[in-house]
1. Any residue in region B:294-312 that is aromatic (Phe, Trp, Tyr), within 24 Å of residue B:147 (Cβ to Cβ) and in a helix (DSSP H, G or I)?
2. Among the numbered criteria (1) more than 10 Å from every other protein chain (Cβ to nearest Cβ); (2) among the small types (Gly, Ala, Ser); (3) crowded, with 20+ Cβ neighbours inside 10 Å, which one does residue A:122 miss?
3. Among A:176, A:184, which is crowded, with 18+ Cβ neighbours inside 10 Å, within 12 Å of another protein chain (Cβ to nearest Cβ), assigned to a loop (DSSP other than H, G, I, E, B) and touching a residue at least 12 places away in the same chain (Cβ under 8 Å)?
4. If you check residue B:67 against the conditions, is it among the small types (Gly, Ala, Ser), within 30 Å of residue B:380 (Cα to Cα) and in contact with a strand residue (DSSP E or B) (Cβ under 8 Å, 6 or more places away or on another chain)?
5. Would it be correct to say that residue B:404 is modelled with pLDDT of 95 or more and either in a loop (DSSP other than H, G, I, E, B) or surrounded by fewer than 18 Cβ atoms within 10 Å (Cβ to Cβ) (or both)?
6. Run down B:156, B:190 and say which single residue is in contact with a helix residue (DSSP H, G or I) (Cβ under 9 Å, 6 or more places away or on another chain) and touching a residue at least 40 places away in the same chain (Cβ under 8 Å).
7. So which of B:369, B:297 is out of contact with any Asp or Glu (no Cβ under 8 Å at 6 or more places or on another chain) and open to solvent by 20 Å² or more (accessible area, probe 1.4 Å)?
8. How about region A:198-261: which strands (runs of 3 or more DSSP E) wholly inside it have at least 3 residues that are open to solvent by less than 10 Å² (accessible area, probe 1.4 Å) and modelled with pLDDT of 90 or more?
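The values are calculated or read from the model by the stated rules, or taken from the named source; none is laboratory data. What you see is a predicted model; the values in this text were computed from it and never measured. Cβ sites come from the backbone with ideal geometry, for glycine too, and all protein chains shown count toward neighbours. We work out accessible area using only protein heavy atoms, side chains counted, and drop any ligands, DNA or RNA first. Shrake-Rupley method; radii C 1.70, N 1.55, O 1.52, S 1.80 Å.
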Amino acid sequence: MSDLAIDREVDRSQMQVSDEEAIQITEMNKWFGTFHVLRDINLTVNKGERIVVCGPSGSGKSTLIRCINALEEHQRGQIIVDGTVLSSDLKNVDKIRSEVGMVFQHFNLFPHLTILENCTLAPIWVRKTPKKEAEETAMHFLEKVKIPEQALKYPGQLSGGQQQRVAIARSLCMRPRIMLFDEPTSALDPEMIKEVLDTMIELAQDGMTMLCVTHEMGFARQVANRVIFMDQGQIVEQNEPEEFFNNPQSDRTKLFLSQILGH
Amino acid sequence: MSDQAFVRSEIIEEQTPPLTAFGLVGWLKSNLFSNWFNAILTFISLYFIWYVLSGVLPWIFLSVWNAGSLSECREIATATWGDSHGHACWAVIKDRWIQLLFGFYPSELYWRPILAFVLLLISLAPVLYTSVPKKIFYLTAVYPFILPWLMWGGSVWAYVSALLGFVLGYAIVRYTSEIVGQLGAVILSVIGAIVWWLYIGPLLLSQGVGAILPLALEPVISRDFGGFMLALLIGVVAIGCSLPIGIVLALGRQSDLLILKTISVWFIEFIRGVPLITLLFVASTLLNIFMPPGTNFDIILRVMIMVTLFASAYMAEVIRGGLAALPRGQFEGADSLGLNYWQSQRLIIMPQALKISIPGIVSTFIGVFKDTTLVSIIGLMDPLGLSQGIRANAEWNGIYWELFAFIAFLFFIVCFSMSRYSMYLERKLQTDNR
């Protein structure tokens with residue numbers, strides 16, 4: 001696994017965690033057909049927290065964060081996002097989705113729209129922001145992810161790393177309170193992972209509440225204030241990064257860490 | 001030093017390619033004579049092309065243009081070239097082309113279909129090309145009401161009333177959806193529009209304003225419609241209506257709502273499972289049985305509805321193919337930004353699904369347009385029906401190829417334009433680096 005982020009100085013003092021709850025998940029269960037993917041998940045995320053979720057493939061980590069913005073429907077238990085209870089009421093779902101940004105493994109940019117249009121679409125149609133203002137916001141965030149000069153190109157003309165940074169900027173344009181990352185660097189060449197991680201670290205330093213499914217352990221060490229290890233649809237272990245990496249408790253965690261850090 | 005270690009010290013300069021790789025010689029060599037087998041194939045193909053053209057071209061160009069009947073044509077051909085066969089008799093086209101275009105439409109009213117056709121081209125322009133001024137869209141919006149008025153005539157107020165019904169329905173949705181919700185607003189607007197069409201509209205416009213200001217065109221009955229004009233009329237209506245209906249059906253088939261999904265699936269499967277001819281026979285004969293006696297439901301309108309339904313079912317499946325080709329990530333990307341169902345369909349999903357489906361959509365359009373010739377079987381005077389009529393005439397008895405060639409030429413122009421436009425559109429919408 002890449003440890004590219006390790007050589008960077010990250011100022012943890014700016015990353016304040018508040019006492020207010022951003023996400024509260026209680027007794028959440030989910031099935032795909034008869035397959036029990038998520039079992040009794042209990043998780044509270046405070047505002048400003050950066051949480052890294054890791055685990056072997058098929059452990060349900062992606063499904064967990066996809067439940068938070070209702071891309072997957074959970075069958076039992078409760079999810080409260082920013083004070084709103086996630087239910088099948090479509091109004092609530094759309095409200096939560098507009099407050100929670102999501103970055104996907106495969107970027108999911110809209111190939112028929114320019115970079116700028118990708119970024120202004122949701123603010124204009126969901127937030128009803130005037131077009132000019134939405135474009136100014138978009139340019140602001142494109143500068144933040146360091147690709148303002150690509151604004152008028154189409155996603156297909158950009159490299160993977162650039163596309164992923166656009167995807168982050170697109171989410172930020174909605175001014176979300178919480179950001180979810182679903183393996184944001186897994187589809188990228190090693191050379192491009194760094195530019196995406198840099199962007200994410202900057203975001204963390206700005207105090208964004210973040211939930212990342214990732215295998216970038218360097219990123220977890222530097223930025224996260226909690227690492228969650230999942231296996232077979234359950235949270236097996238969670239701890240502060242130093243403790244988690246240096247002193248794992250469960251055997252399953254030890255095995256996993258030895259496999260991904262071993263080479 | 002090992003043999004495998006290698007460091008380049010200077011960059012190789014760019015060189016011109018060998019003579020055989022470019023220019024006319026290069027092209028001939030790589031495309032026609034790359035080896036002896038391909039060279040033989042090239043010569044066989046050239047011979048075949050020459051054989052076909054040497055038969056067809058003299059027939060087309062060494063032809064008779066001025067004659068009053070087929071036998072006169074043959075006499076002239078014999079006198080000029082020594083034989084009566086192998087020479088087209090275009091005189092029949094010269095004699096009857098107006099009829100092949102307009103059927104039995106009253107000749108003093110030809111300006112109306114011509115005007116309708118010109119307006120059609122104008123109102124299509126902003127739909128087809130983005131560089132055209134957007135204001136023309138107003139004409140596009142009212143064109144569906146201008147077209148039947150120009151073609152069938154009658155009082156303008158009936159069509160104004162129909163148009164106002166749609167405006168009223170739209171206004172109700174626009175201004176009440178905040179209060180009664182989206183579904184409530186749609187139901188209200190349908191009720192409002194129906195009440196308007198049935199009661200208020202006719203009373204107010206046809207009898208009220210219509211009596212004071214009788215703006216009317218001379219009516220033309222459907223029996224007089226015919227020729228290429230009829231094919232175009234049915235084709236344009238079927239093409240124009242089948243795309244939106246097809247989109248709705250494709251979305252219905254993809255929907256999570258069970259009843260909507262079942263209705264869409266059965267509609268599509270039923271219509272696709274039945275030959276168009278059967279539907280046309282239903283339109284021409286069976287439908288009258290179900291109607292209350294005395295009602296006169298226009299035959300061309302009935303045919304239009306059937307052809308439209310037929311095209312819609314195919315369109316729905318073509319668009320469903322486009323929807324299926326979209327990666328799931330696009331739906332999730334749209335969802336994750338908080339766009340609601342209709343917003344994500346309109347802004348993200350449909351633009352991409354339709355773009356993928358362009359070749360299929362245009363194929364369906366072309367197919368439907370050509371299928372309009374089937375209406376000759378139920379007695380409508382489309383170009384093929386007219387050609388039979390022309391042959392029934394003593395002067396032109398026995399003439400086939402010239403009529404079919406002319407009709408084929410007309411259809412080819414329209415279908416080929418559609419095909420070329422779709423290629424232009426695909427190139428224009430291409431946004432990746434390929």
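1. First, pick out the residues of region B:294-312 that are aromatic (Phe, Trp, Tyr): B:297, B:310.
Remaining after also requiring within 24 Å of residue B:147 (Cβ to Cβ): B:297, B:310.
After this cut, where a residue has to be in a helix (DSSP H, G or I) as well, the list is B:310.
Scanning region B:294-312 turns up at least one residue that is aromatic (Phe, Trp, Tyr), within 24 Å of residue B:147 (Cβ to Cβ) and in a helix (DSSP H, G or I).
2. That leaves (1) as the condition not met.
3. Details: A:184 fails: within 12 Å of another protein chain (Cβ to nearest Cβ).
Matching residue, one of A:176, A:184: A:176.
4. Numbers: among the small types (Gly, Ala, Ser): yes; within 30 Å of residue B:380 (Cα to Cα): yes; in contact with a strand residue (DSSP E or B) (Cβ under 8 Å, 6 or more places away or on another chain): yes.
Yes, satisfied.
5. On the way: modelled with pLDDT of 95 or more: no; either in a loop (DSSP other than H, G, I, E, B) or surrounded by fewer than 18 Cβ atoms within 10 Å (Cβ to Cβ) (or both): yes.
In short, no.
6. Working: B:190 fails: touching a residue at least 40 places away in the same chain (Cβ under 8 Å).
Of B:156, B:190, the one residue that is in contact with a helix residue (DSSP H, G or I) (Cβ under 9 Å, 6 or more places away or on another chain) and touching a residue at least 40 places away in the same chain (Cβ under 8 Å) is B:156.
7. Numbers: B:369 fails: open to solvent by 20 Å² or more (accessible area, probe 1.4 Å).
After ruling out the rest, the residue left standing is B:297.
8. Details: elements: A:209-213, A:226-231, A:234-239.
Per the criteria, A:209-213, A:226-231.
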